[in-house]
1. Test of understanding: what is the full-extension gain from residue 171 to residue 369, defined as 0.36 nm times their sequence separation minus their Cα-Cα distance?
2. When the convex hull of the C-alpha atoms of the stretch 255-307 is computed, what volume per residue in Å³ does it have?
3. Please report, to one decimal in angstroms, the Kirkwood hydrodynamic radius of the stretch 194-300 built from all distinct Cα-Cα pairs.
4. Can you tell me the Rg and Dmax of the stretch 137-221, counting just the alpha carbons, in angstroms?
5. Among 19, 112, 36, which one shows the biggest mean-square fluctuation in a GNM of the chain, springs joining Cα atoms closer than 10 Å?
6. Give me P(r) over the stretch 6-118, computed from all C-alpha to C-alpha distances, binned every 5 Å, as integer percentages.
7. Percent of Cα-Cα pairs more than 17 Å apart in the stretch 1-51, please.
8. Pop a pseudo-label 7 angstrom from the Cα along the beta-carbon direction at both residue 261 and residue 86 and give the gap in nm to one decimal.
Ligand SMILES: NC(=O)c1ccc[n+]([C@@H]2O[C@H](COP(=O)([O-])OP(=O)(O)OC[C@H]3O[C@@H](n4cnc5c(N)ncnc54)[C@H](O)[C@@H]3O)[C@@H](O)[C@H]2O)c1
């Protein structure tokens, strides 16, 4: 079995995702992949069949060339002629609010006619997309809704990797249910990124009977994702998503949320795709004694996101094949920062996912929790 995916936004994650599939095909072993098998599918069973962008230097190009175009900076880990997506031509998308005013010379929009929702619905059906992946820049409120509606109307599963609230909005849950389609989201977690590490330490604090008092998570990086996020007006939902991901590990998320800061905190160009996160947690322990934890995490930002994405698209296909529609919170919770409902810990989220998979007869390997 294979999964055919479409990608909106051929930026750095798309480049890493596409190259990594071929990297694993050449390598032959799957070190670094979280779930090596999902419903019989390996990472190498992911086919890219459809791609949309708006940039003049990407639209109209074969996908195996477009992924290396400016401003993408993921290094070439696979030669372009080895990539099986060379027959996919990047199509023109609908610009809407995908391009912030300060990004106009970075994502330079092509002067081409923009598609209607009907056009996208037809293209999704004609190309046989099973799962449409949203990788638009942060702050793409209207553009995300445009593509989500197109996916729903086409009856295609939608994976929302960005901090726009779609899977966690009841309205979209119903829209996808009405169209017999699945939606997963919102805001993809990294494989071992700042959110999951911060959540794990915060869960540990409460699991050991201590009380989290305050915490911050400052993130810096040097790619277009971080450059786009220097405009604070595009960050409202990103901050909610990251802050609530940590607050939700605590006994009273609403009480602690004003004492947690988690969000993008600066653009440092020379860092490129390296993301650095600084975390600080302060807690009250036994006898009122104060406890503090300081952590610095350094990761390749795009590898972190791609690692989770290769699991999510196979899961979306497996669930769609079993007739699961709408926005199942248990399928999104292990993989997204802002799912429709949060679990207190990521272990709990995985345990519930695996038991649901047992119910649906979906194999997933290896399993990391036992129940
Ligand atoms: N670890 C991570 O990298 C991570 C984690 C969580 C969420 N995200 C989010 O995933 C998204 C993608 O990340 P990225 O690093 O690939 O971004 P990027 O900046 O490299 O790429 C964005 C792409 O979208 C294109 N685009 C802009 N407007 C468009 C439109 N209206 N229609 C179609 N294409 C459009 C741009 O031309 C560009 O190619 C971002 O929102 C990011 O915040 C990333």
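Every read-out reported here was derived from the displayed coordinates using simple, explicitly stated rules and does not represent laboratory data. What you see is a predicted model, and the numbers here were worked out from it, not measured in a lab. For neighbour counting, all protein chains shown are included, and Cβ atoms are generated from backbone atoms with ideal geometry for every residue, glycine included.
1. So the extension gain works out to 68.0 nm.
2. For the stretch 255-307, the hull spanned by Cα atoms encloses 122 Å³ per residue.
3. 14.3 Å
4. So, for the stretch 137-221, Rg and Dmax equal 16.8, 49 Å respectively.
5. Among 19, 112, 36, the largest mean-square fluctuation in the Gaussian network model of the chain belongs to 112.
6. Percent of Cα pairs in each bin: 2, 12, 21, 22, 17, 12, 9, 5, 1.
7. Value for the stretch 1-51: 36 percent of Cα pairs lie more than 17 Å apart.
8. 5.0 nm
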